[in-house]
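A short reminder: the numbers here are calculations on the coordinates, not readings from a lab. Only a predicted model underlies this, so the values are computations on that prediction, with no experimental measurement involved. Counting neighbours? That spans all protein chains shown, and the Cβs are built from the backbone with ideal geometry, glycine included.
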Amino acid sequence: MIPREFEYHAPRSLPDAIGLLKQLGEDAKLLAGGHSLLPMMKLRFAQPAHLIDLGKIAELRGISQAGNEIRIGAMTTEHDLLGSRLLAEKAPLLVEGAGWIADPQVRYKGTIGGDISHGDPGNDHPALMIALDASFVLTGPKGERVVKADGYFLGLYSTQLAADEILTQIRIPVPAAGSGWSYQKLKRKTGDFATAATAVLLQMKGRSVARASIALTNAGPTALRAREAEASLAGKEINDASLNEAARLAMKICDPAPDQRGDAQYKRAMCGEMTRRALQAAHARAKG
Amino acid sequence: MAKTHKVSFKLNGKPVEAAVEARELLIYTLRERLGHTGPHIGCETTHCGACTVDLDGMSVKSCTVLTVQCEGADMTTIEGMEQGGTLHALQQAFHEEHGLQCGYCTPGMITRAYRLLKENPNPSEQDIRKGIAGNLCRCTGYQNIVKAVQSAAKKLAAAR
């Protein structure tokens, strides 16, 4: 229950961190909040020879707005997200989602960048990022590139982040005024990963749906975008019929892994239910 | 012989120093090197919160922090709650309200409640239950823990 031996590095600047990562290569893992990685290392599921702690790089934390875009440093903690007036006002879906993550202690240390980068389908931020149409700034020795959240997550513990890159910033377009939003998460107990969870961002035009973003947590090897479900709602009213259809289409793309949270059939059904509830709650909040 | 790092931090108001391997977890440094056996190891999987300490103004599970990450930190454990022979209001309240049975979760629970009341000096019952969600208790069913935190909150507010 203790990690294998490793060498610890705590660079004080981003260029230093990138240099170290390039130098150490595959033997190194980045350490963010440590509340996904250290538990794995204690169980020896992960045994990196080197840890590069990003905790001393001040420029990686912070929440700001630039034009119509919210920018969040990758090392910003869940606790920081929850306390942000800017996010509460401009991107409340993210605040609601962050509040469902783990427990208070984990939220003091866990970071948005770590949650995204770890590639665990049970983590909540990937679906939130997809629903919010977010982009990620990936910084490496050759500079920066910006990649959309939708398509970033490739498989279990696998994302588009290259071995020599660090996720440094999350960029979120401010959702349109009057948008409705909701993150509905079903879990066995406080602090658990999702049995099923759905993130919804909803724009109404009068009584009809103008635009819907629907993303699923822990229903497959990565967070999933429910595109067909989204398309089924376009131009429709939110009622039992349209909700049933959206839920059905969301369930169609689920491929949940059976585990102690339930078998595949149960999880798929719960995905449908969380999708339905998230759409209903988002609709109640939307002002079209 | 693996490389050791010299780490200095403040523990319950006093400067301490330890020479540790990078992989040494804070909970082991506190319990085995520094003799502070208040924080407990309860689960090994970052769930139970029995290891909770107050670190730089945050409630942190010390089983999921490397000691090398704590250079220069300001840390409080249950041992630091009592001041000059007087129990902290939370300790007194846990005693009066019978907020413990076996006591195993209690150091972590009180240490977490300490920070919770700083975050929110006037919490509702819901706030308290949500606020201690990272601390599991197998004995009490939490009711008296909630009462203890409510009682302490009142005493601390009155004293301000």
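What to note about this one:
- What the Kirkwood sum gives for chain A is a hydrodynamic radius of 19.3 Å, with every pair of different alpha carbons counted.
- Likely footprinting exposure, B:94, A:45, B:9, fewest C-beta neighbours within 10 Å first: A:45, B:9, B:94
- Secondary-structure-derived ellipticity at 222 nm for chain B, considering helices only, amounts to -9000 deg cm²/dmol, per-run term -39500 (n - 2.57) for DSSP H runs with n ≥ 4.
- Förster radius 41 Å - calculated FRET efficiency between residue A:26 and residue A:188, Cβ distance, rounded to 0.05: 0.70
- Residues A:266, A:108, B:104 arranged by fewest to most Cβ contacts within 10 Å: A:266, B:104, A:108
- Filter on A:187/A:267; A:109/A:189; A:90/B:118; A:56/A:109; A:189/A:252; A:187/B:147 - keep pairs with C-alpha separation over 18 Å: A:109/A:189; A:90/B:118; A:189/A:252; A:187/B:147
- Over the stretch A:193-283, Cα pairs under 8 Å with separation of 6+ residues give a relative contact order of 32 percent.
- Inter-label distance, nm, simple model (7 Å from Cα along the C-beta direction), residue A:280/residue B:5: 5.0
- Dipole magnitude for chain A: about 680 debye, using +1 per Lys or Arg Cβ and -1 per Asp or Glu Cβ, origin at the Cα centre.
- Taking the longest Cα principal axis of chain B as reference, the axis of helix B:143-159 is set at about 90 degrees.
- Estimated FRET transfer efficiency (residue A:231, residue A:1; beta-carbon r; R0 35 Å; 0.05): 0.15
- Most fluctuating residue given options B:53, B:68, B:16, as computed from a GNM of chain B linking Cα atoms under 10 Å: B:16
- Residue-by-residue Karplus 3J(HN,Hα) for the stretch A:238-253, coefficients 6.51, -1.76, 1.60, Hz, glycine and proline x: 8, 8, 3, 4, 5, 5, 4, 5, 4, 5, 4, 6, 5, 5, 4, 8
- Extension gain for the segment residue A:160 to residue A:71, taken as residue separation times 0.36 nm less the Cα-Cα distance, is 30.1 nm to one decimal.
- For the stretch B:1-79, the dipole from Cβ point charges (+1 on Lys and Arg, -1 on Asp and Glu) about the Cα centre works out to 140 debye, to the nearest 20.
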